[in-house]
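The values are calculated or read from the model by the stated rules, or taken from the named source; none is laboratory data. Because the structure is a prediction, the values reported are computed rather than measured. All Cβ positions, glycine included, derive from the backbone under ideal geometry; neighbour counts span all protein chains shown.
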Amino acid sequence: MYRVWNFLSAYSLLLVFGALLALAWANIDYDSYHHFVEYPIWDYAPIGHYHDGHRTLTLHYLINDVLMALFFAIAGKEVWEAVALKDGSLRGKKALTPLIATSGGILGPVAVYFGIALLMGGTTFADTSNGWAIPIATDIAFAYLIGRLIFGNGHPAVGFLLLLAIADDAIGLIILAIFYPSGELAPEWLLLSLAAAVIVFFVFNSLPRRMDRGDQSRTRSTWMRTKLGVWPYVIAGCISWYGFMRAGIHPALGLLPIIPAIPHADRAFGIFADAERHLTDLLNTLEHALKSPVEVILFFFGLANAGVLFNAVGDATWLVLAGLLVGKPIGIWFMGWLAAGPMRLGLPQGMKTADLFVLGCVAAIGFTVSLFIASVAFEPGFVQDSAKMGALLSFSAAIMAFVAAKVFKTEKMEGGN
């Protein structure tokens, strides 16, 4: 049973099961599915959708806006370590080629999305233009699974892919915060989030360490860890989340300011590295504790967001798919080639230029974050459902990746983690 759970959680397969259940339920009885997803848990609540002068906490809000904050916190932790810590994967010259390739994985889908929307004419552009960010996302878990199946554990393209995916989603988080507010903007409320992060860092992290200078037993830091544990950061996280909600920025991003405030390891060991399982710093300990609950949350995320009718195929479906299946592979290949060749930044040893296109096909699996952006880019209705259908159908990128690997004779390398 333990092995089964490890396999399910390692590749976010609970998310797939939730999505499949949602699809089946919605197509059997759409009304009961919709009633379940929008079930009002608490009317006149302090948090929730704001409507008619009051807030209502629905099941959909609880999943997408509250619980998914834990998912984005884990992704944000990996991004922050990669950028800020010693040996971080997104620091220095070694990260330049993947980062430049990532820019292609952003610009390519957006250009294809807008270009085809304009060519379609009529009201298509006006109806669908707000969904331009949906095809920029890469689903880290599924891309990692397909990448390992194609390239093998020991191929440098797998690390390149992880680097690209995490940078891709980091940019996606920024776009989500800037371009998709959850309500009327009130940026002054972000001061509450900032204050929570600064206070918890100085009072419960920095100050005890300063007071422990010269004390090998680290008396004060140890007391903080053993007596207070994670609670100061949990409270700060709740305050920060509330600040994001009141600021009109999507509250699922509300835990991100607290991540740098949590005691962490001195150096990064790689994105989702196995070595992190053996680290005992509070940040890695929290990530390990959250991993299983977040997988369950992803099941409910799939259940609450993937329930679209099979006939919900429209212009937005083809735009999202074109952005992912055409724009992303070509964008990653072209910008990766530009960085490796003309810019003379090179590729990791053992990786060839053709691998960039295969890797771009793998990165075209947008699923999780694409579904999330679709749910905030459009109001509930046919356009939103058709955009979600495009995100769900992006799994076809896996087939495209296997075909491309066959055509370009990608060599599988076993070994590594």
Lone qualifier among 292, 240, 217 - being polar (S, T, N, Q), in contact (Cβ under 8 Å) with a residue 24 or more places away in the chain and either surrounded by fewer than 24 Cβ atoms within 10 Å (Cβ to Cβ) or assigned to a loop (DSSP other than H, G, I, E, B) (or both): 292
Any chance residue 210 is without any contact (Cβ under 8 Å) to a residue 12 or more places away in the chain and either of a type outside the set (S, T, N, Q) or in a loop (DSSP other than H, G, I, E, B) (or both): yes
Condition met for residue 313 (under 22 Å from the mean Cα position of the chain (by Cα) and either aliphatic (A, V, I, L, M) or at pLDDT 95 or above (or both)): no
Cross-chain or 6+ apart pairs with Cβ under 6 Å, segment 186-200 first and assigned to a helix (DSSP H, G or I), then among the small types (Gly, Ala, Ser) and loosely packed, with under 13 Cβ neighbours inside 10 Å: none
Leading residue by the ranking (surrounded by the fewest Cβ atoms within 10 Å (Cβ to Cβ)) among those in segment 19-55 that are among the aliphatic types (A, V, I, L, M) and under 11 Å from residue 309 (Cα atoms): 28
Test: residue in segment 367-376 that is aliphatic (A, V, I, L, M) and either over 20 Å from the mean Cα position of the chain (by Cα) or not assigned by TED's automatic domain parsing to the domain that holds residue 134 (or both): no
Residue tally, condition at pLDDT below 95 and not aromatic (Phe, Trp, Tyr), over segment 183-200: 7
Candidate set: segment 124-175, residues that are touching an Asp or Glu at 6+ places or on another chain (Cβ under 9 Å) and of a type in the set (S, T, N, Q); chosen: the one surrounded by the most Cβ atoms within 10 Å (Cβ to Cβ): 138
Subset of segment 112-123 [of a type in the set (Phe, Trp, Tyr), farther than 17 Å from residue 384 by Cβ and crowded, with 18+ Cβ neighbours inside 10 Å]: none
One residue from 34, 60, 49 being in the same structural domain as residue 283 (by TED's automatic domain parsing), over 30 Å from residue 335 (Cα atoms) and at pLDDT below 90: 49
Segment 137-148, residues that are outside any loop (DSSP other than H, G, I, E, B) and touching a residue at least 60 places away in the same chain (Cβ under 8 Å): 140, 141, 142, 143, 144, 145, 146, 147
Helices (runs of 4 or more DSSP H) enclosed by segment 313-417 - at least 2 residues per element that are touching a Cys at 6+ places or on another chain (Cβ under 9 Å) and surrounded by fewer than 22 Cβ atoms within 10 Å (Cβ to Cβ): 396-407
